[in-house]
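Novice: The structure is given below, and queries will be raised subsequently.
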Amino acid sequence: MNSGGWLSLSMRLSAALAIGLVVGLIFGVPWAGVATVLAIALGLQLLHLLRVLRWLQADQTELAPEQPGPWGHLIAMIVRLYRRKQFHKQRLLRLLRELRRSTAAMPDGVVVLNPQAEILWFNRTAARLLGFRGKTDFGLRIENLVRQPEFVRYLRGSQYATPVIVRSSVGTEQHLSLQIVPYGAGQLLVLVRDVTREARLEAMRKDFVANASHELRSPLTVISGYLETLAQDTEVDPALAGPLQEMRRQAQRMTSIVQDLIELSRLESSDSDAVGQPIDVVALMAQLRQDVLARPQHPAQVLVRADSHAMLLGEDIQIHSAFSNLVENAAKYTPPNGSVQIRWWTDDRGGHFSVTDTGIGIASEHIPRLTERFYRVDAGRSRATGGSGLGLAIVKHVLQRHGAQLSIESEEGQGSKFTCDFPRERLQIPVKEAVV
Ligand code: ADP
């Protein structure tokens, strides 16, 4: 085993002490001889220590001093440790440089924020897309530079699962997608993408649907008018009665699809929240019940349960349309011997409107997709009942504009429950109820 020079040092020291003792004995002062040798040995060690300390204090790239015994070993160990540290440092620096170079070259923008939302770092794409300027913007809070209200709201919230789309303040026609990804101890990464092309295509799609449905409305009205007249004309060949009846049914279906498309386009074209005019939900429920009972075929029991007289603050026509879509669906998909219950209640979370039926129900795999446009569990059955497949998409949009959520519970063959949950701010609670 390497003794690290201790053995030779102690042997040399023992020899020097022996010589010191002999010389001391010759002169009759043995302890003076030993003490002189010890003093010289101590002085030498102090000298070595001083040289090592000087070398450590100086730049360590300087050549290490040649030292004998344990001091040489100590220096060799320090040099080894220093080289290892240097090697790891270089490796980390290389890695960091690579990382910076790769993120800088990324087509997406990246901004790193600390928990106070102050900018720690951003790449070139982020600087170009968000108009950040070199080092002067480091340390600033991101809301001071990206001021779009949608982003500020998104940043202050905690729902970062989906990105927010904002209009760029650099290029007016540019649309940006900003997604926050939390990491580490409260730090945030903001991913920035230019989605101008997608936004333009989406706008074109919306415009196309809105224009096409508007254009289709007039010819359809004319066709439906003529079909009505022909159906009532006694001189028309009775053999044509069947086909005429079918043509009227199909024209009615087309009219309802076009109306739903126009309504959806109208809802989509407005980004702002719905205004708040008080809606008497209890009266609306009574009217919806009457509408169901007026259908040629309807479930035997249509119950209304109003546990609150709170008014709902929203857009009357839209709320009427959403609630009637839910009630009509319940009536359409529930057999005549079934029942439908319409309920309105409030609690500390807000107001809730639900429609429960004992109808055909929906298999669980379809539930997440029901609010997609034209999604139908059974297209044949939906068509037979005059459904357009747009009803629940309208409901979803209306609720979004009122800050509300739609929840669906259903079991195939057992029935379904559709609940609209409105926030408290959308309620106007009567004084009597509020006190209770
Ligand atoms: P539709 O006009 O076809 O009824 P919706 O968007 O209103 O379109 O509904 C989408 C689909 O959801 C329907 O086709 C139907 O399959 C299913 N659905 C909606 N409400 C109910 C319900 N109360 N019971 C059973 N199925 C329902």
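Novice: Report the calculated FRET efficiency for THR136 and GLN116 (r = Cβ-Cβ distance, R0 = 22 Å), to the nearest 0.05.
Specialist: 0.75
Novice: Please state the Cα pair-distance histogram of the chain with 10 angstrom bins from zero: what percent is in each bin?
Specialist: 4, 13, 16, 15, 12, 9, 6, 5, 6, 5, 4, 3, 1, 1, 0, 0
Novice: While we're on this one: Just to confirm the number: angle between the C-alpha axis of helix 69-105 and the first principal axis of the chain, 0 to 90 degrees, nearest 10?
Specialist: Compared with the principal axis, the helix lies near 20 degrees.
Novice: Return one number: the angle in degrees, 0 to 90 and rounded to the nearest 10, between the long axis of the Cα atoms of helix 281-293 and the longest principal axis of the Cα atoms of the chain.
Specialist: Result, in degrees: 50.
Novice: While we're on this one: Highest first, please rank the peptides 252-260, 239-247 by the mean number of other Cβ atoms sitting within 10 Å of their residues.
Specialist: The densest-packed peptide leads the list: 252-260, 239-247.
Novice: Moving on. If I model a spin label as a point 7 Å beyond the Cα along the Cα-Cβ vector, how far apart are those points for GLU215 and GLN179 in nm?
Specialist: 3.6
Novice: Separate question: Given H placed on each backbone N at 1.01 Å, which residues far from SER388 in sequence or on other chains put an amide H within less than 5 Å of it?
Specialist: Under 5 Å from the amide H of SER388: no residue qualifies.
Novice: Something else: Which residues' amide hydrogens lie under 5 Å from the amide hydrogen of VAL302, considering only partners 5 or more residues apart or on another chain, with H built in the peptide plane?
Specialist: Here VAL340 satisfy the definition.
Novice: Can you compute 3J(HN,Hα) from phi for each residue in the stretch 394-403, using the Karplus curve 6.51 cos²θ - 1.76 cosθ + 1.60 with θ = phi - 60°, rounded to whole Hz and x for Gly and Pro?
Specialist: Those phi angles translate into 5, 4, 4, 5, 4, 5, 4, 5, 9, x Hz.
Novice: To continue, here is another question. Run through all the Cα pairs of the stretch 277-435 and give the fraction in each 10 Å bin from 0, expressed as whole percent.
Specialist: 11, 42, 35, 11, 1, 0
Novice: Given Cα positions, please report Rg to Rh for the stretch 208-345, the hydrodynamic radius being the Kirkwood one.
Specialist: 1.06
Novice: Still on this structure, please answer the following. Just how many % of Cα pairs in the stretch 70-178 lie over 17 Å apart, if you round to the nearest whole percent?
Specialist: Everything past 17 Å amounts to 65 percent.
Novice: Considering the zone a paramagnetic label at ARG205 would reach in this model (a point 7 Å from Cα along the Cα-to-Cβ line), which residues of the stretch 152-193 have amide N under 13 Å from it?
Specialist: From the stretch 152-193, the list is empty.
Novice: Also, I was wondering about something else. Within 10 Å, count the other beta carbons around each residue, average over each peptide in 326-336, 216-226, and list them highest first.
Specialist: 326-336, 216-226
Novice: Return the single residue from GLY131, GLY361, GLY184 with maximal mean-square fluctuation; model: Gaussian network over the chain, springs between Cα atoms under 10 Å.
Specialist: So, out of GLY131, GLY361, GLY184, the one fluctuating most is GLY184.
Novice: Measure nothing fancy, just the Cα-based angle from helix 6-26's long axis to the longest principal axis of the chain, in degrees from 0 to 90, nearest 10.
Specialist: 20
Novice: Another question, if that's okay. Let's test the formula: R0 of 51 Å, r as the Cβ-Cβ distance of ALA16 and ARG94. What FRET efficiency results, to the nearest 0.05?
Specialist: 0.50
Novice: Here is a further query. Whose amide H sits under 5 Å from the amide H of SER168, counting only residues 5 or more places off or on another chain, with H placed in the peptide plane?
Specialist: Amide H neighbours of SER168: GLN174, HIS175, LEU176.
Novice: Next question, about the same structure. Name the residue, out of SER388, SER158, SER339, whose mean-square fluctuation peaks in a Gaussian network model built on the chain with Cα pairs under 10 Å.
Specialist: Maximum fluctuation in the GNM of the chain, among the listed residues, is at SER158.
Novice: Classify the stretch 269-318: rounded, prolate or oblate, from the alpha-carbon gyration tensor (a ≥ b ≥ c, eigenvalue square roots; a/c under 1.5 rounded; otherwise prolate if a/b is larger than b/c)?
Specialist: Because a/c hits 1.5 or more and a/b fails to exceed b/c, the stretch 269-318 counts as oblate.
Novice: Here's another thing I want to ask about it. Quantify how much of the Cα-Cα distance distribution of the stretch 162-266 extends past 20 Å, in percent.
Specialist: Summing the P(r) of the stretch 162-266 above 20 Å gives 63 percent of all pairs.
Novice: Largest first, please: the extent of the C-alpha atoms of the stretch 3-100 along each principal axis, to the nearest Å.
Specialist: Projected onto the principal axes, the Cα atoms of the stretch 3-100 cover 78, 25, 15 Å.
Novice: Per q in 0.15, 0.18, 0.19, 0.31 1/Å, what log10 I(q)/I(0) does a Debye calculation on the alpha-carbon atoms of the stretch 242-297 return?
Specialist: -0.80, -0.96, -0.99, -1.02
Novice: Can you figure out the FRET efficiency of ALA363 with ARG167, using R₀ = 35 Å and their beta-carbon distance, to the nearest 0.05?
Specialist: It comes to 0.30.
Since every read-out is calculated from the coordinates, none of them should be taken as a lab result. Not measured: the values here are computed from a predicted model. Here Cβ is always computed from backbone atoms with ideal geometry, including for glycine, and neighbour counts include all displayed protein chains.
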